[in-house]
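One structure below.
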Amino acid sequence: MVGVPRSSGCQLCRQRRVKCDEARPECGNCRKYGVRCPGYERAIKFVSGKHAVRSKGSRASRTGRQGSASRGTASETLWSAGTASPDGDSSSSSSKEIASRTAAVVMPLVASPQPSRALFVGTLMDMAQTNLASKDVSTFLSFFGQLRFEALGTSAALDGAICSLSLHLMGKELGDDNLVARSRTVYGGSLVALQAALRHPVKWKASETFCSAVLLCFFELFAGTTSPDTWLHHAQGIATLMEQRGPAAHAQGNDAAILFSFRGILIMSSLFFPKSDKCFLALPEWRRVLTGTARSIYSPAAPDLTRPVVNSFLLCLADMPEVMWWGYPIREALRAGRQVKPERIRHLAQLTAANHERFAVWYEDFKKLGVMPKEVPSEDRSSPYPIVLEHPVGWLGTMLMGYWASMLILQELLILCRWPVVDFDDSQPQLVRNILRSVETMGRGIMGPFRLGYSIRIVYEFANAETQRWIIAMLDRFSKRYAATDKGGYPSPRVDAQGYS
């Protein structure tokens, strides 16, 4: 039937079904995406009488629909695919339809005019957030909403990085293999563009280049490449880029939002594969940036105490690479029965004890948040733990597990150094059990393995042979969603009788 639109917004906002600010001569949404505002004329429209769910149909018909979509412009294809309702209530089937049609226009847009590409990339960011709004990934993607780039649609590296990560996460969440495959193709093109930007005499230090590098590293963490440690080399390269740009360049705006979302990965790369005795984020000039006023990736509705606790945890964690730099070779030497100079042991003991104390202070603040885990029955028949721990807030549970893992390292080193007045005989096995009993509940969803990355790698070193084999089985499941948990980066299960269960 024929009708007249009731909305007074511009034609494009009406098609997209989003709120229009009705600014003249062009609305704010059109300015944001760099497209010509079509105006406010209330044209005649066709309205379907009833929504019907279409059957899957034959392969030929699906190919035909996809081909016709790819021949349209970016805006025509996206808008015809439909968007979620303003309340974010979209069914799984409609989300898959959106994802499928989105995939059909990714590659044609690589060579499209810049305004169309800006509109597409901006809309895809919105779609990733909207269609995953009720999922755990929404917190991870929330920093998308903080990014403000005038270069959107003009930077091939940035546009491709946003698209590849968004498409991969949506593809995994929706079970759409075609979408995942498309994300890899876009990733390859974006990586080439990033390399060109890094060689440019000016663009190498631009915000969009920094953002592109981080988003592509996130893609590698989730999607993986031909090498399981690609993300590690990429993260180390980003650290070098950040040091050359300097702390002031990351203190506000896009750069601060990206740094806050990526700082944990930077610390992990320095912890497991250190290039120097300190993580650069532990240096005074960078610590000031990490404790600045910039917004983190977490919800503005979070309690006032939450953000200081989050920042304090990351500051404690940033000191762990220095502990490992000194501690690991001393640990291996002592285990092999070799002599170690007393002054080296004394330096390590003092360094370790100071960090242990900082973590202990942090833990007291964390407990004030009232988000300690509770015991619940296990739902996994393969789990060796009939009673497991359930954390009420996922990303806070990640920090608590990170605290347990860090304390395992620190307390073992203090035992090796024979630090006076220490007795960790009971607390070490308890820390191991706390982490392992959290794996089932914290590992759920697309973001589960991302949350577990640090703690599960550390606890593996302390687990006995049987428990290590169980962890390896869990890694096989996790790596399908988060490539960085690939068991290829783990040593073989132990053959001795040491370790905890």
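Taking all protein chains as present, what is the carbon and sulfur share of the accessible area of the range 306-500, in % to the nearest whole number, probe 1.4 Å?
The C+S portion of the solvent-accessible surface of the range 306-500 is 53 percent.
Would you please put 263-273, 339-349 in order of how densely packed they are, using the mean number of other Cβ atoms within 10 angstrom per residue and starting with the highest?
263-273, 339-349
Given H placed 1.01 Å from N in the peptide plane, which residues other than close sequence neighbours of SER438 have an amide H under 5 Å from its amide H?
The list, which skips near neighbours in sequence, is LEU389.
At 1.4 Å probe radius, can you tell me the per residue accessible area of the range 116-276 in Å²?
35
If amide H atoms are built 1.01 Å from N in the plane of the peptide, which residues on other chains or at least 5 residues away come under 5 Å of the amide H of GLU22?
CYS10, GLY28
I'd like to compare 356-367, 452-463, 158-169, 308-319: which one has the highest average count of other Cβ atoms within 10 Å, and what's the full order after that?
Top to bottom by mean Cβ count within 10 Å: 158-169, 452-463, 308-319, 356-367.
Which entries in LYS205/LYS278; LYS19/LYS205; LYS278/LYS368; LYS32/LYS480; LYS278/LYS341; LYS19/LYS480 show an alpha-carbon gap greater than 29 Å?
LYS19/LYS205; LYS278/LYS368; LYS32/LYS480; LYS19/LYS480
At a 10 angstrom cut-off on C-beta neighbours, averaged per residue, how do the peptides 479-489, 325-335, 392-402 rank from highest to lowest?
Result, highest mean Cβ count within 10 Å first: 392-402, 479-489, 325-335.
Quick one: which residues, 5 or more positions from ALA463 or on another chain, have an amide H under 5 Å from its amide H? H modelled 1.01 Å from N in the peptide plane, none for Pro or chain starts.
Distant-sequence amide H within range of ALA463: TYR500.
Which whole-number value in Å³ per residue fits the convex hull of the alpha carbons of the range 116-276? Don't jump to the answer; show the numbers that get you there.
Details: hull volume 18.8 nm³, N = 161.
Normalising the Cα hull of the range 116-276 by residue number yields 117 Å³.
Whole-Hz ³J(HN,Hα) for each residue in the range 257-270, computed from phi via Karplus 6.51 cos²θ - 1.76 cosθ + 1.60 with θ = phi - 60°, x for glycine and proline: what do you get?
Karplus values, whole Hz, x for Gly and Pro: 4, 5, 4, 5, 7, 10, 4, x, 5, 4, 5, 4, 5, 6.
Please tell me the relative contact order of the range 435-501 in percent, rounded to the nearest whole number, where contacts are Cα pairs under 8 Å and at least six residues apart. Could the numbers behind the result be given before it?
Details: 66 pairs, mean separation 24.6, N = 67.
Relative contact order, the range 435-501: 37 percent.
So how far, in whole Å, is the C-alpha centre of the range 454-501 from the one of the range 237-272?
Taking the Cα centre of the range 237-272 as reference, the centre of the range 454-501 is 29 Å away.
If you plug each phi of the range 325-332 into the Karplus form 6.51 cos²θ - 1.76 cosθ + 1.60 with θ = phi - 60°, what whole-Hz ³J(HN,Hα) values come out, in order, with x for Gly and Pro?
Result, ordered by residue: 4, 8, x, 4, x, 5, 4, 5 Hz.
For ASP255, what accessible surface area do you get with a 1.4 Å probe? Give it in Å², rounded to 10.
Estimated to the nearest 10 Å², ASP255 gives 10 Å².
Quick one: net charge of LYS275's neighbours, Cβ under 13 Å, K/R +1, D/E -1? Could the numbers behind the result be given before it?
Working: positive: LYS278; negative: GLU243, ASP277, GLU322.
Around LYS275, the charge tally is -2.
Heavy atoms only, probe 1.4 angstrom, no DNA, RNA or ligands counted: give me TRP231, TRP204 ranked by accessible area, highest first.
TRP204, TRP231
Scaled to the compact-protein estimate 2.2 N^0.38 Å, what is the alpha-carbon radius of gyration of the range 320-475, rounded to two decimal places?
In units of the globular-protein estimate, the range 320-475 measures up at 1.11.
The values are calculated or read from the model by the stated rules, or taken from the named source; none is laboratory data. Computed from a predicted structure; not experimentally measured. Using ideal geometry, Cβ is built from the backbone for each residue, glycine included, and neighbour counts are taken over all protein chains shown. All accessible areas refer to the heavy atoms of the entire protein, side chains included, with ligands and DNA or RNA removed. Shrake-Rupley method; radii C 1.70, N 1.55, O 1.52, S 1.80 Å.
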